[in-house]
Each structure stands twice: as structure tokens, then as C-alpha cells.
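> Below is one structure. I have some questions about it.
The values are calculated or read from the model by the stated rules, or taken from the named source; none is laboratory data. None of the values given here were measured: they were computed from a predicted structure. Neighbour counts run over all protein chains shown; Cβ positions are idealised from the backbone, glycine included.
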There are 4 protein chains.
Amino acid sequence: MVAMTVRTPDPNPGWLDETELAAARARLPMIYVEAIPVRLDDFGRVVQVGLLYRADASGHFRYTFVSGRVQYMQSARDALMRHLEKDLGPLAMPQLPMSLAPFTVAEYFPYASSSGLTDDRQHAIALCYVVPVRGDTQPRQDALQVAWLTPEEALSSEVTDEFEGGRGKLVTQAMAWANWGV
Amino acid sequence: MVAMTVRTPDPNPGWLDETELAAARARLPMIYVEAIPVRLDDFGRVVQVGLLYRADASGHFRYTFVSGRVQYMQSARDALMRHLEKDLGPLAMPQLPMSLAPFTVAEYFPYASSSGLTDDRQHAIALCYVVPVRGDTQPRQDALQVAWLTPEEALSSEVTDEFEGGRGKLVTQAMAWANWGV
Amino acid sequence: MVAMTVRTPDPNPGWLDETELAAARARLPMIYVEAIPVRLDDFGRVVQVGLLYRADASGHFRYTFVSGRVQYMQSARDALMRHLEKDLGPLAMPQLPMSLAPFTVAEYFPYASSSGLTDDRQHAIALCYVVPVRGDTQPRQDALQVAWLTPEEALSSEVTDEFEGGRGKLVTQAMAWANWGV
Amino acid sequence: MVAMTVRTPDPNPGWLDETELAAARARLPMIYVEAIPVRLDDFGRVVQVGLLYRADASGHFRYTFVSGRVQYMQSARDALMRHLEKDLGPLAMPQLPMSLAPFTVAEYFPYASSSGLTDDRQHAIALCYVVPVRGDTQPRQDALQVAWLTPEEALSSEVTDEFEGGRGKLVTQAMAWANWGV
């Protein structure tokens, strides 16, 4: 734990070892960025929503978003880009938002969640964005897939009920923000 | 440091001792809420901006906002309310925002800041809100004062140049967001 | 129609006679403001949604929002205040939004609506706001009532299906914008 | 004026003749869409602002935005696209906004403007958007030019003071909304 008290920059300032990260997670809210990838038509209307999914141990599909921690000394834009590349591959051509103001702030709690959003590992606060993607998506992690659904499909309860951590309601918020169907 | 690895809730889960907090600050971004108090007319237009200020060691006035850390297991709304009460007193009658989406996300860095916002102590990410106040403001901390300025005064360079950490540009953003003068 | 060609201000510049208004409605989009009244708790969370309703000719209840036209030379804030007073009474104490940026822009068409929103009379473009109300609501028009529902009730399909012009989907958008349930 | 009273759709429903349009402008607010074109870097940050300009009768340059009326039965997205193409040419590749919620609503008055925004011809209400452009801009109208400035240049008083109708303050609002410099 000694290294943790060093206050000057080190070569990997954002990286805590596993023990340190576990300790911090038990005492501090972690800050995340999350992105819902979408495809737009020429008029800016959402025509497809990109959901990440993987099978859990029992073979059950669970959906999620592009999501990841903002590291020490990293800007939110850099974090967003890094996690988009990691989860959608290098050819996705995401269009990052002009404004850092997220469409919502999602609050995940490990227990006793007042928001309905949960994360077993930690109290996390996520800045949530809708990110248009123009290129091809190809997740780098073997187990992870991208499904492109219509907004109707993404908003159906069969899909929204199968999100990790209750994120399904964020799809509703994102589509409402993007004026889908209005 | 042993206590830090405890992962089940403890009686003061949000409170780290000074050493632990210093260690975390050297490795993780801290999450803050910030509020710019305003007084509105009946039509929702900003007529006054409330700035906190205190004299520094050399007797120089420095302005700031209501600002404070989100603690472990605390919601952003609770954090906002707690810091508003601490900095404006119990009679301020703040009207918290309906939407958690902040008008901007401010990124403070201890050095090499790409945003122009700085915080010697840490990398901090602040969710920034404009908060209408209807009651009387009476800071609880002796050294802290509240000045109610017109938007013109708050936006003048004499004021914006005297903010802690470069926050003056956030006043410009806040007034632009609130359509002041348009 | 002669009066319509007068280009200098007249005593009632916003008032067209019925024939003129009908003519304009057949050729130009009309600009409206709409407000969904809400009651908030101390933390800014929506606890009640105020819906206007009246029985139609067949005794069927139809819901709507506070809604009205922006008149010539009238500011959007003035129009919003005037329609809130007309529909909610003089004691409602509405808190008008700081920012004129609406949570959405609703497009109503008399036929062939691409938005799903309809208005038999006209093509109307409405700036939509969520407006907290602190006082008592007492509609001035005899036939109109205000119902205060919980967000759950307001979002139920029994209610959203009974809105004039398809406005039910705007309730969903408004509650998503206000982070209800998240 | 007879044609104006026809209430069923006609072949050119959005087109009023000059006399009719003049008459309507003397009695009703006109609804506009306005767009500030920008170029973004890969991280979504504004690097250039596109301003339209033309010399006035005295050879003085006046800046403006992409701006135009929403016609009868036309959606706001269609109007935005049409005016972007007209003012920036067919190769501009604008990315229309996902959300119809504008960054601000601008109110122009022919006299006695409470907003500081003026339009000699009419009372106009404009939905204002910032629109990223990826292609080449080539105005179709001979007299009109596009200047790509840095945000610093666009925000300088030499530029903001030279806008038609007081629109300079909207540049400030747009850049604040896009978090430029923060």
C-alpha cells in the first residue's frame, strides 16, 4: 500500500494494483463513462441501437453498454474514446459528443440502490452519452458481441429486462433524449 | 490502511482518514458536485448570481462555488443538498434540479490541465448545476461569505479572473446555459 | 383581410380575427409553448405530474398539457406564464425554467404526421417544458380539471393512450428527461 | 388573398405569395431553424466555426448563421437539412442533431427587442443548433461566403459585434454549450 501514498505522477498513474483498487472501491465512488452506440440516418434520427452482450455462466444473454472507468489524470473524452475503441474495435468511427454534458448521470450502488441501478463491485457514477457510429464494429474481447437493434427492439421489455445492473431504463432515457418516435 | 480493505459497509463508509484520502487522491479521480446559486425573477430569468468568497492569506479575495465531494453510497442529490446547506446555511431554500444532467462536467487536474481548470489536491470531476435559491443565505463557515452579484458583474473579468481553480469560465457557461441576456 | 397587411404595430398586434387566423393556419406553422406541471420533493425529484383533462362530447376523458400559442411580439416566457395562469389559476406559483432550451420540440401535423403527434387545426411546433408548481391549481375554464398523478400513473398506458394529439409520448420524454426512476 | 383561406392542402402549401407572407409577418411569429456549422476533432472538440458572411451595401462584412423558415407541413429536420444544403452546398455532409432540443431558442423582434436580437422583417423564433460538418462547403448563393474561424476568433468582439441581428451572443452560447475551452 506504500505506493499509494506517492503523490507525484508515476509512469502508470491511473493503474492501481488489484488490492488497492478493491480497497478504494469499498470507500469511494468510482467515476465511469458509458456510451450507447447508435446509427443515424441523414436527418439525425436514430435507426439502430448497438448493444453489447455476452452469455453469462448459465448461457443467458446479458446486455450492456460501452462502459469503463475514467483513470487518474485522464480526461472524460479520452476515457470515452479508449472504451469505445476497446469495446467496438478500431474501425467503428465513433462521433464523440460536442458537449460533455451527459444525457443523464447514472448512479450504481452495490446494495440498497435508490436508483434501481446496481453494480456488485462498487458505487459508480456514470456520465452517459449516446454516440453515433459510422464504421464497422468488431469487439476486441472474444466473449463480447455487438447486436444492432431497431429502437423498437431495444426498447422492448424482452431486451430492457436483460440488461446488466438495471441499465435497461437508461435505454429508455437515451431514446427519449434523442426524440426517438416523436 | 487495513480498514480500507473492508468491503462490507461500516458505520462511516464515506469517511476515509486523512492518510487514506491522500492516497486515493493520488491515484483516482474524485467525484464532486458544484452549484452556482442564483436568484430568479417570476419568469425564470437570472437576476442575481451568488458567489462564495473568502480572503486568502494575503488578504486577496477569491471566489468559488458551492462545491463538495460525493461520498461513498451517497446519491448526487444528497451530496448536492448537503453541500448547499453547509455553504449557504439552513434557510437558503435551494431548488434542486429536476434533471441530474448537469449543464457541464468540469474536469480539474493538479497539473498539466488540458481544461484550464486546476485543483492542487487532486484530479476532480465535477457535475455542475445552477441552483435557484429562494431564502436567506448564511454560510456556516466563519471565513466564507456570499456575494450576490448581477449577472453582468459576475461575468466581468474583474470577477471571473478571481476564481479559484479557473472556475470563472464556468460562470460564463452557466449564464450561457441559462440564456442570460438572450 | 385589409388589416392584415398593416405592418406597423397596432393596439392588439397578436390578435387575428377568426378568418385571418384560419387562413394563416392553412399556410404557416404556428408556434406554441407547452408545459407539464409537476410537484417536486426537496431533492428535486418529481413526485406528482399535473395533467389537464376534460370530458369530450361522448363523456370520454381526454388528457392534455398546459398549451397555448405564442402571440405576435410576445416572448416565449410571457406566453408560458400567461398560459400557465390561464390553465392552472393565479395561485399555482409555477417556477419557469431558467433555460429557454426545451426538453423537446413537439411537431403536430393536421394529417400525414411523421411524428405521431396530431392537431386537426394546424401544423404546430411546440416548445415543451416541465414546470414545477408550488401553489394551488384551480383552472379558470369551467370544463377543465387538473389531476395530480404519480409518475407511475402518468406513465401507465391507460393514461398515455388517452392524451389529445398523441401527447402521451411526451410524458415519457418528460419523465425520462427529469430522470424519474433512475 | 383568397387562396389564403383555402384550408385543404394545396400543391405548394408552404409557399405564400409575397403579399401574404408580408401580412402574416405583421401578425404572427415566424418559426425558424438556425445552425452554426462547426468542424470537430476526433474527440468531439470544436476546432473551427463556420460563419456565413456577405458584404452589405456599404461594403461592410456582416456575419450570420445558416438560417431559414420552417415551411407549412415541413418537419424541423427537413427544414434544417434544406437550409444547410442551400447555404453550405451539397457536399458539406452535415451531421444533424440526434435530439431536436435546441441548445437555445432565439427570439428576434422587429422593434423593442427584450432579447437584444432583432429582425427588421418580423418576430421570429429560432431553434438553434450546432451542426458538425465533415465535407466541403460551397455556398450556392453567389454573394454569400463561408469563413472557417477558430473558436477564439469567432468569440472575439471584432467578430461577434459584426453579426446580423445581434447573433454574436448566440456564438458565445453555442461555444459554452459545446464546452469550448473547458
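> Can you say whether A:Ala76 is under 29 Å from B:Tyr111 (Cα atoms), at pLDDT 85 or above and within 14 Å of chain D (Cβ to nearest Cβ), as far as the supplied structure shows?
So A:Ala76 passes the test.
> Return only the number of the condition from (1) without any contact (Cβ under 8 Å) to a residue 12 or more places away in the chain; (2) of a type in the set (Asp, Glu); (3) touching a helix residue (DSSP H, G or I) at 6+ places or on another chain (Cβ under 8 Å) that A:Asp56 does not satisfy.
Going through (1) without any contact (Cβ under 8 Å) to a residue 12 or more places away in the chain; (2) of a type in the set (Asp, Glu); (3) touching a helix residue (DSSP H, G or I) at 6+ places or on another chain (Cβ under 8 Å) one by one, A:Asp56 breaks only (3).
> Same structure again: Find the residue count for region B:71-94, including only residues that are within 15 Å of the chain's Cα centre (by Cα) and more than 12 Å from B:Glu34 (Cα to Cα).
7
> While we're here: Can you find even one residue in region B:84-94 that is in a strand (DSSP E or B) and without any contact (Cβ under 8 Å) to a residue 60 or more places away in the chain?
yes
> Any residue at all in region B:50-70 that's within 30 Å of C:Leu80 (Cα to Cα), surrounded by 21 or more Cβ atoms within 10 Å (Cβ to Cβ) and within 17 Å of the chain's Cα centre (by Cα)?
Scanning region B:50-70 turns up at least one residue that is within 30 Å of C:Leu80 (Cα to Cα), surrounded by 21 or more Cβ atoms within 10 Å (Cβ to Cβ) and within 17 Å of the chain's Cα centre (by Cα).
> Additional query: Quick one: count up the residues across region B:154-171 that are over 14 Å from the mean Cα position of the chain (by Cα) and crowded, with 19+ Cβ neighbours inside 10 Å.
Final tally of qualifying residues: 3.
> Within the bounds of region D:80-92, is there any residue that is of a type in the set (Gly, Ala, Ser) and closer than 22 Å to C:Ser115 by Cα?
No, there is no match, as no residue in region D:80-92 is of a type in the set (Gly, Ala, Ser) and closer than 22 Å to C:Ser115 by Cα.
> Here is a follow-up. In region B:109-129, which residues are in contact with a Phe, Trp or Tyr (Cβ under 8 Å, 6 or more places away or on another chain) and not in a loop (DSSP other than H, G, I, E, B)?
Result: B:Thr118, B:Ala124, B:Ile125, B:Ala126, B:Leu127, B:Cys128, B:Tyr129.
> For the structure I just gave you, tell me whether D:Thr104 is surrounded by fewer than 19 Cβ atoms within 10 Å (Cβ to Cβ), polar (S, T, N, Q) and in contact (Cβ under 8 Å) with a residue 24 or more places away in the chain.
no
> Also: State whether the residues of region A:96-115 include one that is in contact with a helix residue (DSSP H, G or I) (Cβ under 7 Å, 6 or more places away or on another chain), under 24 Å from A:Arg25 (Cβ atoms) and modelled with pLDDT under 95.
Checked region A:96-115: no residue is in contact with a helix residue (DSSP H, G or I) (Cβ under 7 Å, 6 or more places away or on another chain), under 24 Å from A:Arg25 (Cβ atoms) and modelled with pLDDT under 95.
> If you take the residues of region C:125-153 that are within 14 Å of chain A (Cβ to nearest Cβ) and over 19 Å from C:Met93 (Cα atoms), which of them is surrounded by the fewest Cβ atoms within 10 Å (Cβ to Cβ)?
Within region C:125-153, the match that is surrounded by the fewest Cβ atoms within 10 Å (Cβ to Cβ) is C:Glu152.
> Here's another thing I want to ask about it. Kindly indicate the residue of region C:92-114 that is of a type in the set (A, V, I, L, M) and touching a strand residue (DSSP E or B) at 6+ places or on another chain (Cβ under 7 Å) and also farthest from the other protein chains (Cβ to nearest Cβ) among those meeting that condition.
Ranking the candidates gives C:Ala92 first.
> Can you tell me how many residues within region D:15-34 are within 7 Å of chain C (Cβ to nearest Cβ) and assigned to a loop (DSSP other than H, G, I, E, B)?
5
> Determine if region A:46-61 includes at least one residue that is within 12 Å of another protein chain (Cβ to nearest Cβ) and among the charged types (D, E, K, R).
no
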